[in-house]
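The next block holds one structure in the form of structure tokens; read it before the comments.
Derivation of every value follows stated rules applied to the coordinates shown; laboratory data play no part. Values in this document were obtained by computation on a predicted structure and should not be read as measured data. Cβ coordinates were reconstructed from backbone atoms using ideal geometry, including for glycine residues, and neighbour counts include every protein chain displayed.
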Amino acid sequence: MQNNKLKDLKNAFNGNFEVLAAWAEKFPWEDKQAYAQWLAQTYYFVKHTTVFLTLTAAKFGVRNGDAHKGTLKHLREETGHEKLALNDLRNLGYDVADMPELLETSVLYQTQYYWIECFGPISHAGYALMLEGVAALHGEKILKRIEAAHGKNTGSFLRVHVIADDDHFDDGLERLAFAPEADVQAVIGNLTQSAALYLNLLETIQTKHTSQSETATVTAIKGKKAA
Ligand SMILES: [Fe+2]
């Protein structure tokens, strides 16, 4: 039974990651406008991370003390991470105020409030695994491309999320496989949906917000003419 659940989790994790890895490779990280837009949208959804963790920690409660305390530890680690994206964006020469939140970003994080409320705190692990996994497993390659194209002071957000140790995820999946079947299915459901929504965001940036896109209108601060 546990083995079946672990197999389902690993299949969902690996299947979604193959698709995301292909996109991460294809994404125009060297394009200043596209990377700036990625940073701005990352800022908008990462702002909610500590709220999600506060909600899930409270919902685990004293009945699930280990998960409660583990989530509080995670909360301390994640605090302030949105500022890294903001600093990278500033160092790239852009102001987040000129780059509004996209619809694709709103749906990516707003659905988490539904998952946590309707399917319980453990379901949120699907979203966290998807985002942490893509950065940890593919971030190093992307970081090199970003630093080569835009300079070392523009990749701090990605740098703190690159983890060399792949076992981190296997351990996480093995722990999750001990949860009841309905919870495991909720994690898989959230992981699959979040991966699709994240892909949708990457596609939108790539088609509408690169320097070549007709719809891209944002000007870098450094490129603005003095009044
Ligand atoms: Fe983070």
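Please return the longest range in the chain lying between exposed loop sites, taking trypsin sites (Lys or Arg not before Pro), DSSP loop only, at most 16 other beta-carbon atoms within 10 Å, and leaving the sites out. Maximal segment without exposed cleavage sites: 48-223.
With helices as the sole contributors, the chain gives -24500 deg cm²/dmol at 222 nm; each DSSP H run of n ≥ 4 counts as -39500 (n - 2.57), and the sum is divided by every residue. Here are some pairs, LYS144/LYS208; LYS26/LYS69; LYS47/LYS152; LYS5/LYS59; LYS73/LYS208; LYS7/LYS208; which of them have Cα atoms lying more than 28 Å apart in this structure? In this structure, LYS26/LYS69; LYS73/LYS208; LYS7/LYS208 exceed 28 Å between Cα atoms.
Taking 0.36 nm per residue of separation and subtracting the current Cα-Cα distance, fully stretching the chain between CYS118 and ASN87 would add 7.7 nm. Would you mind classifying the range 7-47 by shape? Square roots of the alpha carbon gyration tensor eigenvalues, ordered a ≥ b ≥ c; an a/c under 1.5 is rounded, otherwise it is prolate if a/b is larger than b/c and oblate if not. Judged from the Cα gyration tensor, the range 7-47 comes out oblate (a/c at least 1.5, b/c at or above a/b). Computed over the chain, relative contact order equals 34 percent, with contacts defined as Cα pairs under 8 Å that lie 6+ residues apart.
Taking the charge dipole of the chain about its Cα centre, with +1 at Lys and Arg Cβ atoms and -1 at Asp and Glu Cβ atoms, the residue from TRP115, LEU6, LEU39 reaching farthest to the positive side is LEU39. Bridgeable aspartates and glutamates around LYS10 (alpha carbons under 20 Å apart, same-chain partners fewer than 8 residues away excluded): GLU18, GLU132, ASP165, ASP166, ASP167, ASP170, ASP171, GLU174, GLU181, ASP183.
Does the range 55-116 come out rounded, prolate or oblate by the C-alpha gyration tensor, with a ≥ b ≥ c the root eigenvalues, rounded set by a/c under 1.5 and, if not, prolate when a/b is larger than b/c and oblate if not? Cα axes put the range 55-116 in the oblate bin. Coupling constants for the range 153-158 follow from the phi torsions by the Karplus curve (6.51 cos²θ - 1.76 cosθ + 1.60, θ = phi - 60°), and in residue order they are 8, 10, x, 5, 4, 5 Hz; glycine and proline get x. Under the classification rounded if a/c is under 1.5, otherwise prolate if a/b is larger than b/c and oblate if not, where does the range 1-113 fall, given a ≥ b ≥ c as square roots of the Cα gyration tensor eigenvalues? Verdict is oblate for the range 1-113. Whole Å is fine, so just give me how far the alpha carbon centre of the range 1-62 lies from that of the range 97-118. Each part reduced to its Cα centre gives a spacing of 13 Å. For a modelled paramagnetic label at LYS26, 7 Å from Cα along Cα-to-Cβ, the residues of the range 180-206 in reach, with backbone nitrogen under 12 Å, are 199-200, 202-204, 206.
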